[in-house]
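No lab work stands behind these numbers, since they all come straight from the coordinates. Please read all numbers here as calculations on a predicted model, not as lab measurements. Cβ atoms come from the backbone with ideal geometry, glycine included; neighbour counts cover every protein chain shown.
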Amino acid sequence: MKLGTAEAASGEVASGYLSVTELPTGQPEQVPVVVVEGEKPGPTVWATGTIHGDEPTGMEAIHEFVDRIRDEQVRGTVVCVPVMNPSGFRTNARTSYYGDEDPNRYFGIDGGSDETPPSVQQLICDRLYEEIRASADAVISLHTSWIATYPYTIRPRVSYGEHRKKAEAAELRDRLVELVDAFGLPVVNQFSADETVQRSLDHTLTGAAIADGIPAFTPELGGRFVVEKDVCEAAVVGLQNVLYALDMVSDPAAGSTTFELPTDDDLKRFVHPHTDTAGIVRYRVREGEWVDSGEVVADIVTPCGETQTQVKVEHSGYVLSRYERVAVYENDPLLDMAVPDDEPLLLNRSD
Ligand SMILES: [Zn+2]
């Protein structure tokens, strides 16, 4: 397989760069790529990292993963893009600096017109996604979340309707469930269908791939800015176990992940609670903890330290993340939670 300047013959690992646009200073903007070409034919898996430039853990997990499988007998092809957002990575920022846009909201969009052409970030996403869609049998889009985060995998919902037959959608869902389980982090279903569209999460890399029938998911590898080594190691194990589930390597990964959110229910993402009072937030809970409906999870105090109000949760569930600031305004969210899911993973979108 050849991608940019990385050309790997059978049984080889090649690294190089894919040019995605031109910089005003005369150089090409390039993303790094590593291609692991197995000796035998098989599926093609894409692993991508750092599409938010302040999320380095995916990049490092990919580096270590490639080192692990370098000498394995791989069936099929693994394509890695450790840094999907080079400009955000240079500035340690979530967005790219060409137009301060979130690159992970531009996949699978037929955007632009003659009057309003697509932005350079959208062009870059189009060019990357064209390569991904042409060959991917599975996509793992590695991310991190807020600094205080318990690691988990976001599992997207799969819809059927005029765009896809129910049986095809069910098959895609089953493949997705298998691969997410193989990855090994706690599983949290995507927001409700309406909220997913409201937040443009249908145009993330994962969202676009699912729309195109490619199983794809989004591990959130702890907090941003720094690499949490234990989570990074869990991701390396997870990536290898996804290859094992696809029969691309002969053995599962040595080691296991220790992250779990024990429950019999499917969980879904939920941003809750919000504070109705401005002030200084003092959390009483931390990521990974279960909280019961009615429990006080935070106090809002004045700058002099006097308690103004207590914030309770109205839903039971796990705390996934605490938000990254102590000064809060009216209606600011305080927690990302995983609560019991009341919607199916397989959705009817024909109505
Ligand atoms: Zn991210």
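For helix 120-135, what angle does its Cα long axis make with the longest principal axis of the chain, in degrees from 0 to 90 and rounded to 10?
For helix 120-135, the angle is close to 60 degrees.
Under 12 Å from the Cβ of Val177, count the other residues' Cβ atoms, weight Lys and Arg +1, Asp and Glu -1, and hand me the total.
Value of the local net charge: -1.
Taking just the C-alpha trace of region 184-247, give me its Rg and Dmax in Å.
13.8, 37
Under the rule of at least 5 residues apart or a separate chain, name every residue whose amide H is placed under 5 Å from the amide H of Thr153.
Residues meeting the criterion, in which the H sits 1.01 Å from N, are Val187, Val188, Glu220.
Which residue, chosen from Val66, Ala235, Ala209, occupies the Cα position most advanced towards the positive end of the dipole of region 2-245, where the dipole is computed from +1 (Lys, Arg) and -1 (Asp, Glu) charges on Cβ about the Cα centre?
Among Val66, Ala235, Ala209, the one farthest towards the positive end of the dipole of region 2-245 is Ala235.
Would you please name the GluC sites (Glu not before Pro) within region 1-43 that are DSSP coil residues with at most 16 other C-beta atoms within 10 Å of their C-beta? Mind dumping the intermediate values first?
Working: sites: Glu7, Glu12, Glu22, Glu29, Glu37, Glu39; in loops: Glu12, Glu39.
Here the GluC sites (Glu not before Pro) that fit, given the DSSP loop and packing criteria, are Glu12, Glu39.
Kindly provide the pair-distance distribution of the chain built from C-alpha pairs, with 10 Å bins from 0 and whole-percent values in order of increasing distance.
Using 10 Å bins, I get a P(r) of 5, 24, 32, 25, 10, 3, 0 for the chain.
Only four residue types carry charge here, +1 at the Cβ of Lys and Arg and -1 at the Cβ of Asp and Glu. Report the dipole size of the chain about the Cα centre in Debye, rounded to the nearest 20.
Its charge dipole is roughly 280 debye.
What number in nm² do you get for region 267-340 if you take the convex hull of its Cα atoms and divide its surface by four? Numbers along the way, then the final one.
Values: hull surface 16.7 nm².
So the Cα hull casts an average projection of 4.2 nm².
Once both axes come from the Cα atoms, what is the angle between helix 57-69 and the longest principal axis of the chain, in degrees from 0 to 90, rounded to 10?
With both axes taken from Cα atoms, the answer is about 40 degrees.
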